[in-house]
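J.: Sharing a structure, written as C-alpha cells. Questions coming.
The values are calculated or read from the model by the stated rules, or taken from the named source; none is laboratory data. Please read these numbers as outputs of a predicted model, since none were measured by experiment. Quick reminder, even Gly has a Cβ in these numbers, built from the backbone with ideal geometry, and neighbours come from all protein chains shown. Calculation scope for accessible area: heavy atoms of the full protein, side chains included, ligands and nucleic acids excluded. Shrake-Rupley method; radii C 1.70, N 1.55, O 1.52, S 1.80 Å.
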Amino acid sequence: MRPTVIRRAAVAACTASLALAATACGSSDSGNGDAEGKGEESAAAKPAVAKVLTAAELDKAALVQGDVKGHKVSKAGKDDAVAASAVTVDDKACDTFADALLGAQVGKPVAANQRKVVSEPKKDQKEKQDSADAEEAFIAAFDITTTMASLSSYDGKGAQDTIDGLRTAATACSGGFGLTVAGDKQKVVKIEEEKISGGEEAAAWTVTVEQDGEKAPFKLVVVRQGATIASFTSLNLAASGTGKDYELPTAVVDAQLAKLA
C-alpha cells in the first residue's frame, strides 16, 4: 500500500479541510435553533407569492431517519454547525459561496434547520474491507459520504436572490480563494459546475479545497423550491484520500425535495 494514500486518507478521516470533515468523525446531539416564519398571501390581483415556511413547518419538511435509503439521518449538533461569523474570506465576492459550502446560513433566513446524513457501507464495500489488498481495504473503510442538508426559508425575493448570488459567486470565484474557518486556514483551489435538476431551479458544483498541501473534493448542491432553499454540502473521505471524484448526493437531494413538494 502506498504510504501517501494511507497518509492522505488518514488526514481526510479526521483532519481534512473544513468543518464537514470533523462532523464525519464526530457525533450529533442537538438541532439548530429555528426562527419564526411568516407567510401572508398577496392580494388576488397580484402574482401568487410563495409561502414562507415557519420554523415548525420547516422542521416537518426536514429529513428524518428512514427518509434516505442506505443513509443515517440525525439532527446537526453544536459540533456540526458552522456560524457565518466564524467564516472569513480573502475576496468579499466569495463570502456567500464560502458560507454555503460550509453549511453556514446564507443571508437572513426567516427560519432554518440542518441535518447530518451519512451513507452506510454497501455490501461490496464491506467485502472489500476484508481484502488482502491493504490499500483496497483501507479505502473501502473510508468510502463514506457525509452530507450536511440545510433548509432555509426567506421573505420576499430572498430565496431567489440567494441562489442567484451563489451562481454569481461561483463564477467570480471559480479560480479559487482563501478562507479561514474559526482560525483554521483553507484554500478553495477550483470551483467546477455540475449538472443537477430539481425544484424550481437548482445548481451544483464540485469544489476542490486544499489544506496543508492535501486536496479534497467537496460537493455543493443548492435547490430553490418556492421561498425555501435546500442546500447540501458533501465530503467523501475515501475521495479525499485518493483524489478521485465521487457522485453528487442525489439520493439525499431527491429525498429532501420529495418532502418539500
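J.: Against the conditions (1) charged (D, E, K, R); (2) closer than 24 Å to A203 by Cβ; (3) modelled with pLDDT of 90 or more, where does D80 fall short? Just the number, please.
T.: Against the list (1) charged (D, E, K, R); (2) closer than 24 Å to A203 by Cβ; (3) modelled with pLDDT of 90 or more, D80 comes up short only on (3).
J.: Only one of (1) modelled with pLDDT under 95; (2) touching a Ser or Thr at 6+ places or on another chain (Cβ under 6 Å); (3) aliphatic (A, V, I, L, M); (4) not in a strand (DSSP E or B) fails for A216. Which number is that?
T.: A216 satisfies every listed condition except (4).
J.: Which of the following residues is aliphatic (A, V, I, L, M), in a helix (DSSP H, G or I) and within 16 Å of the chain's Cα centre (by Cα): A238, A255, A169?
T.: A255
J.: State which residue pairs qualify: first residue in contact (Cβ under 8 Å) with a residue 40 or more places away in the chain and closer than 18 Å to F232 by Cβ and inside the stretch 63-88, second residue part of a strand (DSSP E or B) and of a type in the set (S, T, Y) in any location, beta carbons under 6 Å apart, and separation of 6 or more residues or different chains.
T.: Partner pairs satisfying both residue conditions: H71/S119.
J.: If you don't mind, there's one more thing I want to ask. In the stretch 55-90, how many are under 18 Å from G183 (Cα atoms), assigned to a helix (DSSP H, G or I) and in contact with a helix residue (DSSP H, G or I) (Cβ under 8 Å, 6 or more places away or on another chain)?
T.: The total comes to 1.
J.: Still on this model: Tell me whether the stretch 107-123 contains one or more residues that are modelled with pLDDT of 85 or more, acidic (D, E) and not in a loop (DSSP other than H, G, I, E, B).
T.: No, every residue in the stretch 107-123 fails to be modelled with pLDDT of 85 or more, acidic (D, E) and not in a loop (DSSP other than H, G, I, E, B).
J.: Among T242, T208, which is the only one that is out of contact with any Leu (no Cβ under 8 Å at 6 or more places or on another chain) and without any contact (Cβ under 8 Å) to a residue 40 or more places away in the chain?
T.: Unique residue meeting the criteria: T208.
J.: Can you spot a residue in the stretch 91-102 that is open to solvent by 20 Å² or more (accessible area, probe 1.4 Å), of a type in the set (S, T, N, Q), part of a helix (DSSP H, G or I) and modelled with pLDDT of 95 or more?
T.: yes
J.: So which of G198, G213, G175, G183 ends up being closer than 22 Å to D90 by Cβ, touching a strand residue (DSSP E or B) at 6+ places or on another chain (Cβ under 8 Å) and open to solvent by 20 Å² or more (accessible area, probe 1.4 Å)? Outline the logic, then answer.
T.: Values: G198 fails: closer than 22 Å to D90 by Cβ; G213 fails: touching a strand residue (DSSP E or B) at 6+ places or on another chain (Cβ under 8 Å); G183 fails: touching a strand residue (DSSP E or B) at 6+ places or on another chain (Cβ under 8 Å).
Of the residues listed, the single one that is closer than 22 Å to D90 by Cβ, touching a strand residue (DSSP E or B) at 6+ places or on another chain (Cβ under 8 Å) and open to solvent by 20 Å² or more (accessible area, probe 1.4 Å) is G175.
J.: OK, next. Quick check on T145: is it modelled with pLDDT of 95 or more and either among the hydroxyl-bearing types (S, T, Y) or buried (at least 17 other Cβ atoms within 10 Å of the Cβ) (or both)?
T.: no
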